[in-house]
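What follows is a short report on a single structure.
Please treat every number below as a calculation from the coordinates, not as lab data. Bear in mind that the values here come from a model prediction, so they are computed numbers and not experimental data. For neighbour counting, all protein chains shown are included, and Cβ atoms are generated from backbone atoms with ideal geometry for every residue, glycine included.
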Amino acid sequence: MSDDELPTGVALTALDEAFRSDPYPILARLRSGNPVLHDEALGRYVYTSHDDVKAILRDKDLWSDPRKANPGTFTREFLGSSDEEPSMLLMDEPDHRRLRMLVSRPFTPAAVQRWRTQIEETVEAVLDGIGTDEFDLIAEFAGPVPTIVIARMLGIDESKVETFKAWSDTSVKIAFNPFSSPEELEAGQQAGEALNAFFAGEISARRADPGSDLISDMIRAEAEGETLAESEIIAQCNLLLVAGNVTTTDLIGNGMKALLDHPDQLAKLRADPTLIENAVEEMLRFDSPVTNSGRIANREVDFGGCPVHQGESLSTSLAAANRDPAVYPDPDRFDIERADTHHQAFGGGRHLCLGAHLARLEAQVAILGLLDRYPNLEHSDRGFRYASVPTFRGMTEFWVRGERV
Ligand code: HEM
């Protein structure tokens, strides 16, 4: 197939209706037609084979700082324009390592397990708040759970969580969308400023009265001789929101949709809840909440047999990699007992998702909690709607119904 026949640019993002409703046939065409596509419209090379994606993400020399990308490339134009302090996602060594070390302690598997009870309580409280048998699973359940969990981890007072969630939702909307409307940009920027001011206030409150939360941890690290400036703490707090909330909401939403779409798999999970860990990995593989990550060529590179110049954007399609038939037998089948569920949904290498263990635990607890409370949960006629935010795959609404016990 020639590149002319393959979709490029916006047609490869959730802004396009066909891609938004089902990206997988489009990504499969790309993978078999040209697994390294030069997407000139958006100034990037798009990689869709599992092995190329894996190799790029794990290449420790490639860059992530958009300021190093060539002018006109995707990364430079869409991620490099902010005057704000970059988060670790967009940093290179040695700054990346230093920051990651400073915030990583609470995200290890053992540290995350200590949050299990709090997460279970949060899930139960959110379930208690659902008042009707027919409800929007995103607004009533999958949305609130991760925001409340991260707010608690940051030590934010319960009374401020609603406002915090509203700002976070509005500012996240523009974070990965290069095509935001002027109104969305304006609203997003205002919410972003409000959040920054809010975090600055939280930081000074914790300086006066430290606790056992994440913000206090970062301040303590600063006090122990590391140079973590206030602006850096604010940037990391923002990253935890941007990187952690929408993605976990999408995992719970996409995962529940996969289960309701495949009643045999749902029945298996109900019959044997110990399958939940494997089921969540399969949900991450089958319908990845983050569709793309990327790096910048730090040299002349050649992944998948295509030479690419220094400074160019390498866009790795995690969604395509996770459905590569060369790696996964029958990749479009959702199978919670799949033997090999390893996937690229959390990226890889130096920038491997810091919140992976937290996201997994939240999704496991949330999905089992929901199934327990609703023994006959099913799709409602009111349907679902996918979000049009590039980089993410998730729903803005997903109506379900069932009698609760
Ligand atoms: C299902 C939920 C999630 C998914 C699918 C996801 C996915 C990702 C991906 C694809 C990356 C980029 C990795 C790369 O380029 O190699 C990333 C980075 C990151 N994620 Fe997540 N994420 C999720 C939840 C979370 C949560 C809950 C948090 C924290 C509260 C979090 C914090 C981060 C951070 C801090 C980074 C940047 C790491 C770095 O640059 O070193 N994520 N995530």
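What the Cα atoms of segment 3-401 give is an Rg and a Dmax of 20.6, 61 Å. Compactness of segment 46-183, taken as the C-alpha radius of gyration over 2.2 N^0.38 Å, stands at 1.33. Largest GNM mean-square fluctuation across GLY369, GLY255, GLY311, computed for the chain with C-alpha springs under 10 Å, falls on GLY369.
Sorting 28-40, 199-211 by average packing, meaning the other beta carbons within 10 Å per residue, from highest down gives 28-40, 199-211.
Three semi-axes describe the equivalent ellipsoid of segment 168-272; taken as square roots of 5 times the Cα gyration tensor eigenvalues and ordered largest first, they are 35, 22, 10 Å. Under a model in which nothing but the beta-carbon of Lys, Arg (+1) and Asp, Glu (-1) is charged, segment 3-401 shows a dipole of about 740 debye around its Cα centre. Only DSSP H runs of four or more residues enter the estimate; each adds -39500 (n - 2.57), and after division by the residues of the chain the mean residue ellipticity at 222 nm equals -14500 deg cm²/dmol. One compactness figure for segment 1-83 is 1.17, namely its Cα radius of gyration divided by 2.2 N^0.38 Å. Listed by chain and number, the lysines whose alpha-carbon sits under 28 Å from that of LYS173, ignoring those within fewer than 8 places in the same chain, are LYS54, LYS68, LYS160, LYS165, LYS257.
Go ahead and run the numbers for FRET between ARG97 and ALA139, Cβ-Cβ distance against an R0 of 56 Å, rounding to 0.05. It comes out at approximately 0.90.
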